[in-house]
1. Once both axes come from the Cα atoms, what is the angle between helix 155-172 and the longest principal axis of the chain, in degrees from 0 to 90, rounded to 10?
2. Which value, in Å² rounded to 10, gives the accessible area of HIS15 with a 1.4 Å probe and all protein chains present?
3. Give the ranking of THR157, THR8, THR59 by solvent-accessible surface, highest area first, calculated with a 1.4 Å probe.
4. Mean separation of Cα pairs under 8 Å and 6+ residues apart, divided by the residue count of the chain: what relative contact order is that in percent?
5. For the chain, I need the span (max minus min coordinate) of the C-alpha atoms along each principal axis, in Å, sorted largest to smallest.
6. Using the Cα centre of the stretch 2-193 as the reference point, and only Cβ charges (+1 on K/R, -1 on D/E), how large is the resulting charge dipole? Debye, rounded to the nearest 20.
7. Of all chymotrypsin sites (Phe, Trp or Tyr not before Pro) in the stretch 51-139, which ones are in loop regions per DSSP and have a Cβ with at most 16 other Cβ atoms within 10 Å?
8. With the full set of protein chains in place, find how many percent of the accessible area of the chain is carbon and sulfur; take the probe as 1.4 Å.
Amino acid sequence: MLECRGITFSYDKNHKKLFQDIDLKINPGEIVGMPGPSGQGKSTLAKVLSGYLQPQVGTVLVDGSPLPAGKNPVQLIFQNPEHAVNPHWNVRKILNEGGIINPELSKNFGIQNFWLDRFPHELSGGELQRICLVRALCSNLRYLICDEITSMLDALTQAGIWHSLLQEIEKRQLGVLVISHDNALIARLCSRVVHFFEDTGK
Ligand SMILES: Nc1ncnc2c1ncn2[C@@H]1O[C@H](COP(=O)(O)OP(=O)(O)O)[C@@H](O)[C@H]1O
Ligand SMILES: [Mg+2]
């Protein structure tokens, strides 16, 4: 399982802690929801869980061991796919970052062959998000952290992406954290919800 124990984080040690003493476990095949309003630290926790940020206190473990160097079994998918790709690379090169391009996976995510020679700015947001997902899924992925991954997209595109993704989650028994301010989406997708970031009603 993916497990974090007693995580405390602040960006600046002179300032107040963004969150403290967070414990979370995600089992393979389990989809866990994490709702919460903007600015409370959800994306920061997502980066801690995937090894991009080091917490001041606490540990992140995959099957009892720290995150390995090299290809990360915990992949983070960002809200804005433009921030997750090199704008100077074409789609073929971007996908190759994850490993060998898997034609069946590409087909399931509706990736067209002629996109491979395009650059990120020549794709829609939804198309580019599919590329980011397939790139993550081409690697030795075990856990997926989805940080508002469809929040920028219309309802139809959102449904299409989750439809493709749910098939892979089921087939490969991936553990998934779904971060979203959309409670209806979380209710539909997740078997369990963690409430670390509550709406204070302000
Ligand atoms: N790199 C950073 N350096 C300093 N403060 C940051 C940084 N990234 C985010 N923050 C601050 O941390 C808080 C939480 O941000 P974030 O984790 O993005 O929240 P959320 O995803 O819940 O909207 C915000 O107040 C934000 O301004
Ligand atoms: Mg965020």
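The values are calculated or read from the model by the stated rules, or taken from the named source; none is laboratory data. Predicted model only: the values in this text are computed from it and were never measured. We place every Cβ from the backbone using ideal geometry, glycine too, and count neighbours over all the protein chains shown. These accessible areas exclude ligands, DNA and RNA; they are computed on the full protein's heavy atoms, side chains included. Shrake-Rupley method; radii C 1.70, N 1.55, O 1.52, S 1.80 Å.
1. Tilt relative to the chain: about 80 degrees.
2. Accessible area, nearest 10 Å²: 120 Å².
3. I get THR59, THR157, THR8, largest accessible area first.
4. Relative CO of the chain lands at 33 percent.
5. 49, 38, 33
6. 300 debye
7. Counting only loop positions with at most 16 other Cβ atoms within 10 Å, the chymotrypsin sites (Phe, Trp or Tyr not before Pro) in the stretch 51-139 are TYR52, TRP89.
8. Heavy-atom surface of the chain belonging to carbon and sulfur, 1.4 Å probe: 51 percent.
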